[in-house]
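See below for the structure under consideration.
The values are calculated or read from the model by the stated rules, or taken from the named source; none is laboratory data. Keep in mind that this is a model prediction, so the values were computed, not measured. A quick note on method: Cβ atoms are made from the backbone with ideal geometry, for glycine too, and the neighbour counts reach across all protein chains shown.
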Amino acid sequence: MFLSTAAAQLHVSDTVHNLSAGGPGQVRAQTERQVCIFCHAPHNTSGLRPLWNRDVPSANYRIYRSSTLDARPGQPTGASKLCLSCHDGTIALGSVLSRAERIQMRTGDYLPSGPAHLGTDLSDDHPVSFFYTSGLALADGQLADPHSLPLEIRLGTDGELQCTACHDAHNDQYGDFLVLPNEFGELCTTCHQMSGWAGASHRLSQARVGGHSEGGWPYDTVAQNACRSCHRPHTAGGPDRLLLFGDEERNCLICHDGRVAKTDIQTELDKISGHDPRRYSARHDPAEPALVDNTHVECADCHNGHAAMAPERGGGYRRIGQTLLKTRGVSSGGAEVEEAQFEYEVCYRCHADTAVSVPGAVPRQSQTSNVRLLFQPTNESFHPVAAASVSSESPSLVPNVPRGSLLRCTDCHNSDSGQRGGGAGPDGPHGSIYDFLLEREYVTDDDTPESASAYALCYKCHERTSILSDESFSEHRMHIVEERTPCSACHAPHGVSNLVPGGSGDHTRLINFDTTIVRPDPQSGRLEFRDTGRLSGSCTLLCHGENHRDERYPE
């Protein structure tokens, strides 16, 4: 005998669109008892279908614009303009054509401020009045073909998408007069078929958002809110792409601050070294080239919120992490890649040909900020990131790093408290307490006492006992223990490019001297290492006040 709220909303008289004196909403007439008259009348109407009983707004609207929008919306037309006759707030609610006098309202003549009052600025609202065609769907690549849409999604008779594609003014069974439920993103994903969404964390996460009011989320979990977790179709805070907030990173950090998501990224960003998107404002554009001169870092530069999945746990090399899926990149050859296949391709967006300078970088004999050039497999030496090393001279490698192994950038550049480093925090190059965004300590200062912690990053792959027993270089111990010379004085961590000034000559074994510690021989002016064969070589240089002129090792 009792109707549920949803069932009752099937009739317009039971919804807030019943503006009569007996209507259930706060906005209603003082005495008028007719329900339909506020929109329709059988006589003396505008001549517009369906028997429209109101004037059509004459306002000039500011419409939605976005660099990623393939559609071309214009000024509102058709059914959208009929809806706006109330919802833009320019025409009195009681102003109907079939009455000589305006119907008097209890709460004022015009729609009061609130989510339903859109105003004449529609730049923060889902675009309307554009032709939704098969060609548009094909060009976009992530829109459903209009011929495949369910019957609930009604386009205009001319094929334009209007307010009525998502809203049915007479039926409020799903809330907000939606034509389909929006829980789990059902309505949005009817048209928007985002690549990677099926397995994305934001679609599947059961993390609860209860008690966290900033996002204005209608449902209890991230999965239930789905698209609504980050987007708002009307009165969005970030108009481009209808984000909740104008500051892009806030749309991520509202959850990734330890309150909703398991990963507390905000704490990582507060560390002394890191990729902090809060340092940049209004620089990022999803339509920008993969290589940009306008350097910045936003969450969306590395992560695709529609495709990112929870990271895989456990050891072993992976070409690209689950959190980086469906992101753009730059190949080892310098070409833009629409979908990165390797982690380094994502890093190359900023650390390759755009050559972002790194504060405190060690000045070297052969110098470049272009990491892509340093990892080239044609170089004399390189850490095996873009290709496996061909060298067989690595006697110091720890047992779980066999020769021929590949590395990822995040094997070194990672959170100091991440799980891959033995901590309990999130992995990834978001922040670290160590310089250069390193997972472990790597001291580059001269006169540093050797210890397991001072060179912890090097000792992650190179056995400390092997280094100190001179298995790979007969004077390792003398240099780093007795002379207290840091590893970085002789070795470059990425590689040495033969395409960069100073890169010619012998640069095997990652030899590329720190020029603040190692200087040219004053007599000959030479700063030089020569590779003379397996585990042997000679140096000509000045270091710690001592001249080395063609000094060979082993003796």
Checklist entry - Can you tell me which residues in segment 156-189 are in a helix (DSSP H, G or I) and under 16 Å from residue 71 (Cβ atoms)? => result 163, 165, 188
Next on the checklist: Among the residues that make up segment 203-210, is at least one of them closer than 23 Å to residue 168 by Cβ and out of contact with any Gly (no Cβ under 6 Å at 6 or more places or on another chain)?
Outcome noted: no
Item to check | Hey, residue 420 among the basic types (Lys, Arg), modelled with pLDDT of 95 or more and out of contact with any His (no Cβ under 9 Å at 6 or more places or on another chain) or not | outcome: no
Checklist entry - Out of 316, 334, which single residue is over 28 Å from residue 519 (Cα atoms), at pLDDT below 95 and either surrounded by fewer than 19 Cβ atoms within 10 Å (Cβ to Cβ) or in contact with a strand residue (DSSP E or B) (Cβ under 7 Å, 6 or more places away or on another chain) (or both)? => result 316
Next on the checklist: Looking at (1) assigned to a loop (DSSP other than H, G, I, E, B); (2) under 16 Å from residue 544 (Cα atoms); (3) β-branched (Val, Ile, Thr), which one does residue 480 not meet, given that it meets all the others?
Outcome noted: (1)
Checklist entry - Just for segment 257-299: of the residues that are among the charged types (D, E, K, R) and assigned to a helix (DSSP H, G or I), which one is surrounded by the fewest Cβ atoms within 10 Å (Cβ to Cβ)? => result 279
Checklist entry - In segment 239-250, which residues are of a type outside the set (D, E, K, R) and in contact (Cβ under 8 Å) with a residue 40 or more places away in the chain? => result 239, 242
Next on the checklist: Go through (1) in a loop (DSSP other than H, G, I, E, B); (2) farther than 22 Å from residue 11 by Cα; (3) of a type in the set (Val, Ile, Thr) for residue 153 and report which single condition fails.
Outcome noted: (2)
Item to check | Output for segment 449-475, where each listed residue is within 25 Å of residue 554 (Cβ to Cβ), touching a residue at least 24 places away in the same chain (Cβ under 8 Å) and assigned to a loop (DSSP other than H, G, I, E, B) | outcome: 450, 455, 461, 463, 471, 472, 473, 474, 475
Item to check | Candidate set from segment 374-419 (those that are in contact with a strand residue (DSSP E or B) (Cβ under 6 Å, 6 or more places away or on another chain) and of a type in the set (A, V, I, L, M, F, W, C)); member that is nearest to residue 508 (Cα to Cα) | outcome: 382
Checklist entry - For residues in segment 78-105 being in contact with a strand residue (DSSP E or B) (Cβ under 7 Å, 6 or more places away or on another chain) and in a loop (DSSP other than H, G, I, E, B), which is farthest from residue 53 (Cα to Cα)? => result 104
